[in-house]
Amino acid sequence: MEKQPLPLDNVSTAAPESELDGGAEEASSSPEAPDRDGWNSKIEYFLAQVGFSVGLGNVWRFPYLCHQNGGGAFLLLYVLLMLAIGTPLFFLELAAGQSIRQGSIGVWKYISPKLSGIGYSSCVVCFFVALYYNVIIGWSIYYLVSSFQYPLPWESCPEQGNATVKECKASSPTTYFWYRKALDITDSIDETGQFNPYITCCLLAAWTIVCLGMFKGIKTSAKVMYFSSVFPYVVLLCFLIRGLLLDGAWEGITYMFYPKLEIWGNIQVWRQAATQVFFALGLGFGSVIAYSSYNPKNNNCHRDAFTVSFINFLTSVLATLVVFSVMGFRAKDKVMACVVSNVEKLYEQFADGKDSKSLMLPFNLSDPSSVALEVYRDWFRVNQHTVAGNLTDCDLMQEMQKGAEGTGLAFIAFTEAMSLLPGSPFWSVLFFLMLLNLGLSTMFGTMEGIIAPLTDNFKILARNKIKFTILCCVMGFVIGLLFTQRCGNYFVTMFDDYSATLPLIIVVVFETISVSWMYGADRFLDDIEVMLGWRPSVIYKYLWKYVCPLAMVGLLSASTIRMILQRPKYMAWNQDKASEMNLDYPDWALAVLSLLIIFAMIPVPLGFIHSALRNRAPRPSGAMEATRYAPVSANDKWDTPMTEMRNHNGAGEPALP
């Protein structure tokens with residue numbers, strides 16, 4: 001049964017801006033536009049928010065950061081920043097969207113016409129992210145299809161003639177499959193190469209799935225969320241149970257939780273933790289605002305903020321447990337192979353048994369596979385300088401420190417570990433089906449962050465929402481062909497590292513300052529009190545006004561300084577050396593990086609200039625006074641937007657000074 005329209009759904013919250021712009025832009029809440037959608041149930045909304053916030057970064061970026069930055073110490077730092085910055089800002093976006101019932105563009109227009117550019121910047125960043133994020137979904141589809149084989153195609157190196165392929169032998173089967181079979185990658189970003197037909201087809205499939213899930217808005221995407229948001233947890237639990245039964249799993253988990261508190265003195269660790277909190281909750285994308293705008297006015301968004309944040313954190317921890325248990329198994333397998341190799345060398349050296357008696361070997365040379373790791377290492381520490389030959393220590397902790405970053409963790413390291421499991425195709429299918437669902441649920445939210453604000457503010461788009469959605473997907477696929485070239489992986493890295501980070505931080509800085517200082521933190525809390533029936537703690541006022549802006553400015557400064565002092569680099573695959581290499585971005589790539597950041601942020605000053613020029617145009621008597629914006633102090637007594645609507649029975653203008 002379709003949800004009935006909310007009592008205030010027909011209120012034109014953008015009325016002042018429509019008058020200000022001379023009718024050029026009209027909200028979809030006008031009588032000529034279709035009624036605004038609403039969630040059929042709280043479960044649908046909750047799954048959508050969780051599905052958007054929990055994405056691929058929880059599975060590969062968070063475990064990598066935890067691996068590189070002190071394990072348990074990084075977890076504690078992450079929780080601290082989540083409580084001090086992430087959850088308050090998440091609550092701010094939820095409350096703003098639910099109160100004003102518009103997408104990101106309409107929300108900031110409502111506060112002031114000068115701020116409309118913030119919403120447009122969010123849309124641009126969402127589009128940039130959607131372009132490369134769907135390519136990663138396409139890679140997951142490729143690996144998912146490839147997993148329906150036995151043995152898996154990345155379990156062993158291919159043969160060329162009577163010899164093993166040199167590039168594969170010098171690296172590993174999984175690395176070779178990723179770089180040569182899946183991507184067929186070039187040696188640098190300067191070498192474009194032709195389009196990869198397999199990845200192109202997978203990208204088309206990914207955009208088709210997104211389009212089918214989005215073409216009727218939340219009415220279709222919410223139904224898909226029942227599966228795409230829940231299924232990953234089923235898979236993670238299956239992997240966790242299986243992983244804990246593997247040899248080496250507990251060593252991996254111990255490595256994960258062992259705290260190294262000295263990392264708290266490293267400013268880069270704070271920057272990485274803050275950035276992860278920032279992106280984990282999807283702040284600044286506009287998707288959180290869009291989803292909450294479909295809620296009833298009395299929905300408890302405060303509880304939602306804490307619940308979604310808590311589930312997001314638990315998901316990251318669960319995924320990290322899975323990754324570390326499986327990676328511990330992988331490391332244990334490698335060091336045991338190291339032990340066997342060293343014992344075989346000893347056996348060849350002392351095959352006659354004469355000289356081996358002087359070494360007092362505590363293990364049987366004739367049975368290398370029976371030698372325990374601890375026994376071998378104890379013997380090696382005592383005798384390493386008395387035995388000739390290239391013997392190694394076989395250190396498990398040292399092997400655990402060899403991690404992979406980003407996509408490499410999923411498509412190389414974790415894939416290699418799965419190939420060691422009995423029934424490896426089954427686990428591979430589960431894993432990449434999980435990645436596919438995680439990616440899709442986040443993509444739905446990202447696309448909603450584009451479509452909802454634009455359809456809310458342009459009635460022609462609202463009347464043709466299905467066509468507009470299809471057009472966005474077609475444009476995404478056509479532009480996304482850039483990433484299906486042989487050098488496409490390097491462009492994915494470029495977009496992932498630079499197209500969203502700085503612009504989103506700037507967007508959130510503007511959001512926070514706009515609400516807490518321009519609109520007024522007390523005034524915003526008044527709105528929330530009217531909406532929820534109770535007033536949130538005054539601590540939010542100080543978090544929004546001081547802690548969050550200062551933290552965001554600090555994060556922005558640290559990221560900018562790092563880019564200035566250290567020339568941006570990317571990880572390239574060298575075919576001749578069969579290894580990864582850190583290369584500097586060429587000058588033209590740096591120009592592209594700069595343009596991406598400029599394109600994402602240019603709507604903010606343009607929106608301000610556009611509003612200022614409109615204000616200079618002749619107005620009917622009293623129009624300027626009705627729409628003029630001015631900052632408020634904490635002591636000013638204003639009617640909130642909600643009380644204003646109530647007093648005018650839905651016919652009044654927003655209570656802007």
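The values are calculated or read from the model by the stated rules, or taken from the named source; none is laboratory data. Please read all numbers here as calculations on a predicted model, not as lab measurements. Positions of Cβ are backbone-derived with ideal geometry, glycine not excepted, and every protein chain shown enters the neighbour counts. Heads up: the accessible areas ignore ligands, DNA and RNA and are worked out on the full protein's heavy atoms, side chains in. Shrake-Rupley method; radii C 1.70, N 1.55, O 1.52, S 1.80 Å.
What the table below lists for this structure:
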{"read-out": "10 Å beta-carbon shell around ASP576, net charge (K/R +1, D/E -1)", "value": "0"}
{"read-out": "Quotient of Cα Rg and 2.2 N^0.38 Å for segment 41-169, N being how many residues it contains", "value": "1.58"}
{"read-out": "Convex hull per residue volume in Å³, alpha carbons only, for segment 489-544", "value": "99"}
{"read-out": "P(r), alpha carbons of segment 215-350 - 10 Å bins starting at zero, rounded %", "value": "10, 23, 28, 21, 11, 4, 2, 1, 0"}
{"read-out": "Segment 390-454: C-alpha gyration tensor shape, a/c 1.5 cut-off, then a/b vs b/c", "value": "oblate"}
{"read-out": "Solvent-accessible heavy-atom area per residue, rounded to whole Å², over segment 140-238 at 1.4 Å", "value": "48"}
{"read-out": "Share of carbon and sulfur in the accessible heavy-atom surface of segment 113-258 [1.4 Å probe, %]", "value": "67"}
{"read-out": "Rounded percent of accessible protein surface that carbon and sulfur make up, segment 386-515, 1.4 Å probe", "value": "66"}
{"read-out": "Per DSSP, loop trypsin sites (Lys or Arg not before Pro) in segment 143-234 with at most 15 further Cβ within 10 Å", "value": "LYS216"}
{"read-out": "Heavy atoms of HIS67: accessible area, 1.4 Å probe, square angstrom to 10", "value": "30"}
{"read-out": "Heavy-atom accessible area order for TYR45, TYR226, largest first, 1.4 Å probe", "value": "TYR226, TYR45"}
{"read-out": "Solvent-accessible area of GLU348 with every protein chain in place, 1.4 Å probe, in Å² to the nearest 10", "value": "140"}
{"read-out": "Flagged links, alpha-carbon separation over 30 Å, of LYS114/LYS545; LYS459/LYS541; LYS345/LYS577; LYS297/LYS545; LYS181/LYS260", "value": "LYS459/LYS541; LYS181/LYS260"}
{"read-out": "TYR347/LEU76 FRET efficiency (R0 51 Å; Cβ-Cβ; nearest 0.05)", "value": "0.60"}
{"read-out": "Potential lengthening between ILE470 and SER370 on full extension [0.36 nm per residue; Cα-Cα distance subtracted]", "value": "29.9 nm"}
{"read-out": "Three-way shape call for segment 434-512 based on the alpha-carbon gyration tensor, with the a/c threshold at 1.5", "value": "oblate"}
{"read-out": "Two-decimal ratio, segment 489-612, of alpha-carbon radius of gyration to 2.2 N^0.38 Å", "value": "1.46"}
{"read-out": "Solvent exposure ordering (accessible area, 1.4 Å, most first) of VAL125, VAL145", "value": "VAL145, VAL125"}
{"read-out": "Which of PHE608, PHE483, PHE148, PHE231 is most accessible, then next, and so on - probe 1.4 Å", "value": "PHE148, PHE608, PHE231, PHE483"}
{"read-out": "Heavy atoms of LYS42: accessible area, 1.4 Å probe, square angstrom to 10", "value": "80"}
{"read-out": "Estimated FRET transfer efficiency (GLN68, ARG463; beta-carbon r; R0 56 Å; 0.05)", "value": "0.65"}
{"read-out": "Three-way shape call for segment 287-339 based on the alpha-carbon gyration tensor, with the a/c threshold at 1.5", "value": "prolate"}
